[in-house]
């Protein structure tokens, strides 16, 4: 497949790109400052502050689009909220049916934020993700999937995870990337919000 990864230079995006390439896909790596030495990765300049008319042609010809960009609190409105919406709109403008969005644990359930360790300090981020997630749920016409992991950790991956969780938890970044890649062709995740944290199930057996 031809896959566009928005946020390909980020912590999750770099690892997701590597997995997708290893799985035989042709990856277009969208980032503000794109670069790659992999011949199967095509760097594409992608600025979340650009308007929809400018972003739409960049997704032309793709079979699937991932949005895994994040500003880490520095640009919540333009990147984490409206950036995700514009990418979803650009995908629809190109008749791309498959859209996978990386979000935050329970982003669509504000009543739970105060009761989950670690979420209370991320309120502004979760608000941004709430509006992005809700827009996709209410408006995206194709097969979206929204992955809502718990706290991301810069540690080695385990190759295992738990999904559809109802409590808080941490996630090694490599495991989040692996779950995102595994979701690509999993019909059971289409038009679904999937929560996640560390667990004991092998990622290839989650779906």
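For this structure, a couple of remarks:
- Scan of segment 175-196 for residues that are over 11 Å from the mean Cα position of the chain (by Cα), buried (at least 22 other Cβ atoms within 10 Å of the Cβ) and under 15 Å from residue 158 (Cβ atoms), ordered by number: 175, 178, 196
- Within segment 34-55, the set of residues being surrounded by fewer than 13 Cβ atoms within 10 Å (Cβ to Cβ), in contact with a strand residue (DSSP E or B) (Cβ under 8 Å, 6 or more places away or on another chain) and outside any loop (DSSP other than H, G, I, E, B) comprises just one member, 45.
- Inside segment 1-14, residues that are more than 14 Å from residue 71 (Cα to Cα) and at pLDDT 95 or above make up a count of 5.
- Any chance residue 21 is modelled with pLDDT of 95 or more and assigned to a helix (DSSP H, G or I): yes
- Any hit, segment 139-155, residues being without any contact (Cβ under 8 Å) to a residue 24 or more places away in the chain and touching a helix residue (DSSP H, G or I) at 6+ places or on another chain (Cβ under 8 Å): yes
- When restricted to residues that are within 15 Å of residue 108 (Cβ to Cβ) and either part of a loop (DSSP other than H, G, I, E, B) or without any contact (Cβ under 8 Å) to a residue 40 or more places away in the chain (or both), segment 190-201 contains 1.
- Residue within segment 108-116 that is closer than 26 Å to residue 61 by Cα and either without any contact (Cβ under 8 Å) to a residue 12 or more places away in the chain or not in a strand (DSSP E or B) (or both) present: no
- Inclusion of residue 60 among residues that are crowded, with 18+ Cβ neighbours inside 10 Å, at pLDDT 95 or above and either in contact with a strand residue (DSSP E or B) (Cβ under 6 Å, 6 or more places away or on another chain) or farther than 23 Å from residue 153 by Cα (or both) is not warranted.
- Scanning segment 56-83 for residues that are in a loop (DSSP other than H, G, I, E, B) and touching a residue at least 40 places away in the same chain (Cβ under 8 Å) gives 61, 62, 63, 68, 69, 70, 73.
- Test: residue 163 is surrounded by fewer than 23 Cβ atoms within 10 Å (Cβ to Cβ), in contact with a helix residue (DSSP H, G or I) (Cβ under 8 Å, 6 or more places away or on another chain) and more than 17 Å from residue 106 (Cα to Cα): no
For every residue, the table says whether it meets (1) closer than 24 Å to residue 174 by Cα; (2) buried (at least 18 other Cβ atoms within 10 Å of the Cβ); (3) at pLDDT 95 or above; (4) in contact with a strand residue (DSSP E or B) (Cβ under 8 Å, 6 or more places away or on another chain).
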{"position": "95", "(1), (2), (3), (4)": "no, no, yes, no"}
{"position": "124", "(1), (2), (3), (4)": "no, no, no, no"}
{"position": "134", "(1), (2), (3), (4)": "no, no, yes, no"}
{"position": "139", "(1), (2), (3), (4)": "no, no, yes, no"}
{"position": "142", "(1), (2), (3), (4)": "no, no, yes, yes"}
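- Yes/no for residue 204 being at pLDDT 95 or above, under 15 Å from the mean Cα position of the chain (by Cα), surrounded by fewer than 21 Cβ atoms within 10 Å (Cβ to Cβ) and not in a strand (DSSP E or B): no
The values are calculated or read from the model by the stated rules, or taken from the named source; none is laboratory data. Here the structure is a predicted model, which is why all the values come from computation and not from measurement. Every residue, glycine among them, receives a Cβ derived from its backbone with ideal geometry; neighbour counts consider all protein chains shown.
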